[in-house]
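The values are calculated or read from the model by the stated rules, or taken from the named source; none is laboratory data. Just so you know, these numbers come straight off a predicted model, no measurement behind them. Virtual Cβ from ideal backbone geometry, glycine too; neighbours counted across all protein chains shown. We work out accessible area using only protein heavy atoms, side chains counted, and drop any ligands, DNA or RNA first. Shrake-Rupley method; radii C 1.70, N 1.55, O 1.52, S 1.80 Å.
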Amino acid sequence: LFLQSYLFKVIPKCVMRWINHTIFSIIEHGSIRVLDAFTTLILIRILLTEEFGLFSVFQSWVAVLLIFFPTIEVALFREYGRLKHEGRLLDELGVYRFFSYFKLLILCVVVFCLSFVPQNTDWFTRFVFLGFAFFLPFSQSFYGFMREPLRFEMQQHKVAFFSILQRLLLIAAFLLGWWVFPDQAQVTIGLALVTYFLAGFLWTLASWKYLQ
């Protein structure tokens, strides 16, 4: 605290804001990389060889299909200042939110249809694994339109907090499911999927409340 108070005295406030922003950006990205690696290790431990292979195949499908789910919110990088100055930022974010919900609906339909593609496992396992493969990358774009304004407003500490919290909840759901249902990987994956996605909703609601 003494060091922080001293720095605030000798360094301009705007510079300190950039320093804090940079520090929390490093914390966010570094923590996410570590937690994602830990999540992968848990998946390797929970899933059988055949199940992990199936999940990897579904991830390759996702890499192609996500091309058809554009992230129109990237326009914020160019228009954010103007929209905020004109008082139209919340209206614009509302459009992005509607578009994200629409993408979510289409994605659910796609996952349901593709789960009927024959594989060497039952339908429920295919559905859960495919949904999890889709929602891991999709969740980033689902609430991305609320995450980036927080970065622009120099609220990187909030971004870091919610991003790390979401990963920790995912890991906790994995471990809980593994402990309660040790021989039912699809149930564990389903529990983790629901937990991760609900955390994304909380992320979005918290961001929306702040920007209002």
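Summed over qualifying helices (DSSP H, 4 residues or more, each -39500 (n - 2.57)) and divided by its residue number, the chain shows a 222 nm mean residue ellipticity of -28500 deg cm²/dmol. When the residues Ser56, Ser115 are ordered by accessible surface, computed with a 1.4 Å probe over the protein chains alone, the sequence from largest down reads Ser56, Ser115. Ordering 181-193, 70-82 by mean Cβ neighbour count within 10 Å, with the highest value first, yields 181-193, 70-82. Rounded to the nearest 20, the size of the Cβ-charge dipole of the stretch 126-199 about its Cα centre is 100 debye, with Lys and Arg at +1 and Asp and Glu at -1. Taking the Cα centre of the chain as origin and assigning +1 to Lys and Arg Cβ atoms and -1 to Asp and Glu Cβ atoms, the resulting dipole is close to 820 debye.
Ranking Phe152, Gln119, Phe134 by Cα position along the charge dipole of the stretch 117-173, where only Lys, Arg, Asp and Glu carry charges on their C-beta atoms, puts Phe152 farthest toward the positive end. Normalising the Debye intensity of the chain to I(0), with uniform scatterers on Cα atoms only, and taking log10 at q = 0.08, 0.10, 0.15 Å⁻¹ returns -0.35, -0.53, -1.03. Relative contact order for the chain: 28 percent, from Cα pairs under 8 Å spaced at least 6 residues apart, divided by residue count. Most tightly packed first, judged by the mean number of other beta-carbon atoms within 10 Å of their residues, the peptides 86-99, 124-137 read 124-137, 86-99.
Long hydrophobic helices in the chain: the complete DSSP H runs spanning 30 Å or more by Cα along their own axis with mean Kyte-Doolittle hydropathy of at least -0.5 are 13-46, 89-114, 156-180, 185-211.
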